[in-house]
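Following: one structure in structure tokens, then a few remarks.
The numbers here are math on the coordinates, done by the rules we state, and not lab data. The structure presented is a predicted model; accordingly, all values stated were derived computationally and were not measured. When we count neighbours, we look across all protein chains shown, and the Cβ atoms used for this are built from the backbone with ideal geometry, even at glycine.
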Amino acid sequence: MEETAREEEMPQIVQVLEAFKQASQDIRQHHSPDSPAVKALLELQNILSSQDPNLSTLSDHINRLKNLLYSLNHSTGLRSLITRPLSTHSLTRLAANIHSEIQAWIDRETLQTLKTTLKTTHHPLLLHLLTQFQQRLSQGFNRELQDLVLNFKLFPSLQSLLLDDKSSIPVRERTGSAIAALIRFNKDVFVGQVLMGPTVRALVSMGSVSSIEVLCSLIRSIRSPFVDEIESNGEIPNVIALLDSEDLQLRVFGFECVLEVGYFGRKEAVEAMLKEGLVKKLVELQRSEKGGDLIEFEKEGFGGYLERHPFASCVARFAVQLEVGEGLRQREKRAFKPEILVRVREACVSDAQAATIVAEVLWGSSP
């Protein structure tokens, strides 16, 4: 109900264009020159502005559609048998071009609305627009869409909103997700615009499941340079503190973040995590009811067991991240393994537990 209300607040032209876009999709699927979808697209010509240069290509496509339909409807006899398959193929291809132009029109309207709405951080439509923007980016790279983002200077506006601690947490979380989606959309163009230090502080300070999920996403996208910012800004202790959260999901994402830092982090970041007692915390998590041992994977299947026991063999999983990761040199990897084993023995409450975890670390890492 709430989603419907938000959609009704969208510019009316966008709702109309979505219907026309669906009509073009119907033509591509059914290849029918006499369908209601074709008639709907012909109606589109009535709302096109001849003064808008952005719509000239779409107008040309609609005119071609009219001419193609005339040809299909007036060809008879042998000529019809020869030309109709080719004309039907042309109809499908033309519908695809119209679909693309309508999507570009929708992008212009929605991003213009987003640009305006970002200036009013309490606007009820903002969350919906940010979600819609993120979904559009997830459809894959599009040059025209990227140009719109750059021309509207959306990235700096999103960055400012993320760093604005006066805005609501849900809005900042969704903004962070949109920023991460932009990085995935085209890392080469947008990663240079990330204010990495302030972004790290903002995401960690929010301390929510969504913000830490975004943090993990940015680590995977930007890799070692982003981990360097986490370490140099002194945020490693705050990341490790997530493992003590009463919220299970937040602990899970905190552990995921630790694994990402372990994989991409350089020596300083790994040393900072060990200094904060990471191994002891991982041992405690592995000993908890949501923990467990590697051998259980073979009995129940890796995926199913790990879903119910997210901290199973978490010490070995962290050690493997260091072993196979790209942040450490080979000699640093060799030096960290015995240090982890020493800390495991110190943290375990029994020799049996220590023997099990040590064996997992040695078994899970290459010799």
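General remarks:
- Of LYS66/LYS153; LYS187/LYS290; LYS166/LYS333; LYS280/LYS333; LYS21/LYS187; LYS39/LYS115, those spanning more than 31 Å from alpha-carbon to alpha-carbon: LYS66/LYS153; LYS187/LYS290; LYS166/LYS333; LYS39/LYS115
- Overall, the chain carries a charge dipole of about 1060 debye about its Cα centre when +1 sits on the Cβ of Lys and Arg and -1 on the Cβ of Asp and Glu, all other atoms neutral.
- Listed residues LEU306, LEU250, LEU162, most fluctuating in the chain (Gaussian network, C-alpha, under 10 Å): LEU306
- Neighbour net charge for LYS119 - beta-carbon separation under 15 angstrom, K R +1, D E -1: +2
- Other residues within the sphere of radius under 12 Å centred on the Cβ of LEU137, judged by their own Cβ, net out at +1 (K and R +1, D and E -1).
- The share of alpha-carbon pairs in the chain lying farther apart than 31 Å comes to 52%.
- Across the chain, C-alpha contacts under 8 Å between residues 6 or more apart give a mean separation that, scaled by the residue count, equals a relative contact order of 10 percent.
- The distance linking segment 124-155 with segment 328-361 is 46 Å (Cα centroid to Cα centroid, whole angstrom).
- Packing here is the average count of other Cβ atoms within 10 Å per residue, and on that basis the peptides 179-192, 130-143, highest first, run 179-192, 130-143.
- For VAL191, net neighbour charge (Lys/Arg +1, Asp/Glu -1) across residues whose Cβ lies under 11 Å away: +2
- Given charges at Cβ of Lys, Arg, Asp, Glu: segment 102-255 dipole, positive-most of GLN112, VAL204, ILE102: ILE102
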